[in-house]
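Reviewing the structure listed below.
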Amino acid sequence: MATKKYNVSGGTGTFNGVTAGSQVSGNPVFIGNDVARAAYLSALCVLLAETNTLTLVVKWQVSNDNTTWVDCAESISNVAATVVGTGTAGADTAVTRVFEAPGSVYGWKYARVAFVVGVATGAAGDTYTYGYSYVQGDI
C-alpha cells in the first residue's frame, strides 16, 4: 500500500560562513534498493537571502552509497539550476517554492536537495528550511 508523506525528513539552518561556491546539503531520502520505494519526490524550500548580492541555487543530488554524491541535470538538455534568490540587504523577502526531483533520481538509492551559495559569503540572516514530499510504499 502506498502512502503520501508530506514535508518530512527536512531541516532548517543558516548559510552563516558558507563561502561562495560552497553548498549546504540536505538530508538524504532513501529511494530504494532493487525496487523503488519512493516516487513523485519533491522538496518544499523556503529560502531567505539577506546578504547583499548573495545568490542561492537549489539542486538535486543522487548517491548509491549515501556518501558519494553526484549532481543531477535539470533535464535532458543539461540545463544548469537557476538562481532562486538574490540578497538585498534588509529586504526580508523569503522565497517559497517546490522543486520536483528529476526522473533520474529513481535509478539511485538516495536523493537529496542541496543549496549552493554564490557571489558572497552567507551570514546569519541568510536562512533555509526544507522538507520532502513523496509517495512511499510499493509503487
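The values are calculated or read from the model by the stated rules, or taken from the named source; none is laboratory data. This is a predicted model, so every value here is computed, not measured. Methodologically, a virtual Cβ is constructed for each residue, glycine included, from the backbone with ideal geometry; neighbour enumeration extends over all protein chains shown.
What to note about this one:
- Looking across the stretch 1-36, the residues that are assigned to a strand (DSSP E or B) and within 20 Å of Leu48 (Cβ to Cβ) come down to Asn7, Gly10, Gly11, Thr12, Gly13, Thr14, Gln23, Val24, Ser25.
- Scanning the stretch 99-114 for residues that are at pLDDT below 95 and over 12 Å from Ile31 (Cβ atoms), we see that the one that is surrounded by the fewest Cβ atoms within 10 Å (Cβ to Cβ) is Glu100.
- Given (1) modelled with pLDDT of 85 or more; (2) surrounded by 19 or more Cβ atoms within 10 Å (Cβ to Cβ), index of the condition Gly87 fails: (1)
- Cβ-Cβ under 6 Å pairs, at least 6 apart or on other chains, the stretch 35-54 side in contact (Cβ under 8 Å) with a residue 12 or more places away in the chain and on the phi > 0 side of the Ramachandran plot, far side surrounded by fewer than 16 Cβ atoms within 10 Å (Cβ to Cβ) and part of a strand (DSSP E or B): Tyr40/Val135
- Being at pLDDT 90 or above, touching a strand residue (DSSP E or B) at 6+ places or on another chain (Cβ under 8 Å), over 15 Å from Thr53 (Cβ atoms) and part of a loop (DSSP other than H, G, I, E, B) is a description that does not apply to Ala81.
- Failed criterion for Thr93 (all others in (1) loosely packed, with under 13 Cβ neighbours inside 10 Å; (2) modelled with pLDDT of 95 or more; (3) of a type in the set (Val, Ile, Thr) hold): (2)
- Restricting the stretch 37-51 to residues that are within 18 Å of Gln23 (Cα to Cα) and touching a Gly at 6+ places or on another chain (Cβ under 9 Å), the residue that is surrounded by the most Cβ atoms within 10 Å (Cβ to Cβ): Ala49
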